[in-house]
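Heads up: the structure comes next, in structure tokens.
The values are calculated or read from the model by the stated rules, or taken from the named source; none is laboratory data. Note that this is a predicted model, so its numbers are computed, not measured. A quick note on method: Cβ atoms are made from the backbone with ideal geometry, for glycine too, and the neighbour counts reach across all protein chains shown.
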Amino acid sequence: MRRSPRRNRIPHIIAIATLLAMSAGGGVALSRYQANQRKIAQCTQLVDRVNQGYAKAIAFQGQDAAALSHLADDLATVATELRAIELTDETLTQQRQRFAQAYRELSDAYRQMGTALNTAETAPKNESGRQSVRQAQADVKAAGAQAHQAARYVDELAVQINQYCGVASK
């Protein structure tokens, strides 16, 4: 007895449909894998640059105007380099901008401290010089508070980026 041609096609159609579904799922899995790899690469790029700025700030040991100015230049460079990183992940792009702004604020604060210290160091030894020194002290204190606030913000951003990128925190 001969089988109906229609019955023979049903298992083949089911097999083809199953293979198509599996390959579509594989395509989705591959796409997710590739997206994850891009995210990891972009996270690494961003975190490496942020860590460079952190290392410069931690390694700073100067106390004079020239050293503060040099640190301000280094942090401004980090901010510029952060802005130059090409990212496609929207969250990382936003974080990059926040980090760049925070490092720019740190740079500005250290530059202000350096300028104030320079003013105090070069002030004449008279009443107007003493007034300049008092104003410089107030400027250093204000800039120090700005630097502290910017540094705390960098720390907050670091926690956020570590969570987003899946980096284990210390």
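For the structure I just gave you, tell me whether residue 38 is touching a residue at least 12 places away in the same chain (Cβ under 8 Å), out of contact with any strand residue (DSSP E or B) (no Cβ under 9 Å at 6 or more places or on another chain), over 20 Å from residue 154 (Cα atoms) and in a helix (DSSP H, G or I). In short, yes. Here residue 1 meets the list (1) modelled with pLDDT of 90 or more; (2) outside any helix (DSSP H, G or I); (3) of a type in the set (A, V, I, L, M, F, W, C) almost entirely, failing just condition (1).
Filter region 113-137 for residues that are surrounded by 17 or more Cβ atoms within 10 Å (Cβ to Cβ) and either touching a residue at least 60 places away in the same chain (Cβ under 8 Å) or under 30 Å from residue 51 (Cα atoms) (or both) and give the result. Scanning region 113-137 gives 113, 114, 115, 116, 117.
Scanning region 93-112 for residues that are surrounded by 22 or more Cβ atoms within 10 Å (Cβ to Cβ) and over 17 Å from residue 152 (Cβ atoms) turns up just one, 96. Residue count for region 129-170 under the criterion of being basic (Lys, Arg), more than 16 Å from the chain's Cα centre (by Cα) and closer than 20 Å to residue 58 by Cα: the result is 2.
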